[in-house]
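Asks: One structure is given below, represented as structure tokens, and several questions about it will come after.
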Amino acid sequence: ALDQLEGRDFDLVLMDCNMPVMDGYEASRQIRRSGRWPQLPIVALTANAMSEERERCRAAGMSDYLAKPFRREELASLLDVWIPVTTVP
């Protein structure tokens, strides 16, 4: 995720919390610590649906949380919140 952010612009990051080498919590902390993407939405994707998990994600710098498995409609609704459609007059 960090390497990809360096090379391109993104509207949102879907962050898997349980990745090998560096988990999503640490990756999110590093993204926020860099100061380069303070407004970039980071949305956690995790199989842990406990309420404490939402707080853990926020503490790591993530903007929102989506528990797996999720429905397409849930993902679409979340994307609508964080990536609003801009209309041209």
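Asks: Would you be able to tell me the number of residues in region 10-25 that are open to solvent by 60 Å² or more (accessible area, probe 1.4 Å), modelled with pLDDT under 90 and not aliphatic (A, V, I, L, M)?
Replies: Result for region 10-25: 2.
Asks: For Q39, all conditions in the list (1) in contact with a Cys (Cβ under 6 Å, 6 or more places away or on another chain); (2) over 16 Å from R56 (Cβ atoms) hold save one; what is the number of the exception?
Replies: Condition (1) is where Q39 drops out.
Asks: Taking S28 and the conditions (1) open to solvent by less than 80 Å² (accessible area, probe 1.4 Å); (2) part of a loop (DSSP other than H, G, I, E, B); (3) in contact with a strand residue (DSSP E or B) (Cβ under 9 Å, 6 or more places away or on another chain), which numbered condition does it fall short on, given that it satisfies the others?
Replies: Result: S28 fails condition (2) only.
Asks: Here is a follow-up. Of the residues in region 31-48, how many are under 11 Å from the mean Cα position of the chain (by Cα) and either loosely packed, with under 12 Cβ neighbours inside 10 Å or without any contact (Cβ under 8 Å) to a residue 40 or more places away in the chain (or both)?
Replies: Going through region 31-48 one residue at a time, the tally reaches 7.
Asks: If you go through region 54-82 one residue at a time, how many are open to solvent by less than 60 Å² (accessible area, probe 1.4 Å), within 16 Å of W37 (Cα to Cα) and of a type outside the set (S, T, N, Q)?
Replies: Qualifying residue count for the region: 4.
Asks: Return a yes/no flag: does region 32-45 have any residue that is of a type in the set (V, I, T), at negative phi and out of contact with any Pro (no Cβ under 6 Å at 6 or more places or on another chain).
Replies: Checked against the condition, which is being of a type in the set (V, I, T), at negative phi and out of contact with any Pro (no Cβ under 6 Å at 6 or more places or on another chain), region 32-45 yields at least one hit.
The values are calculated or read from the model by the stated rules, or taken from the named source; none is laboratory data. Because the structure is predicted, anything quoted here is derived from the model rather than measured. Glycine also receives a Cβ, built like all others from the backbone with ideal geometry; neighbour counts cover every protein chain displayed. Remember, those area values only see protein heavy atoms, side chains included, never the ligands or the DNA or RNA. Shrake-Rupley method; radii C 1.70, N 1.55, O 1.52, S 1.80 Å.
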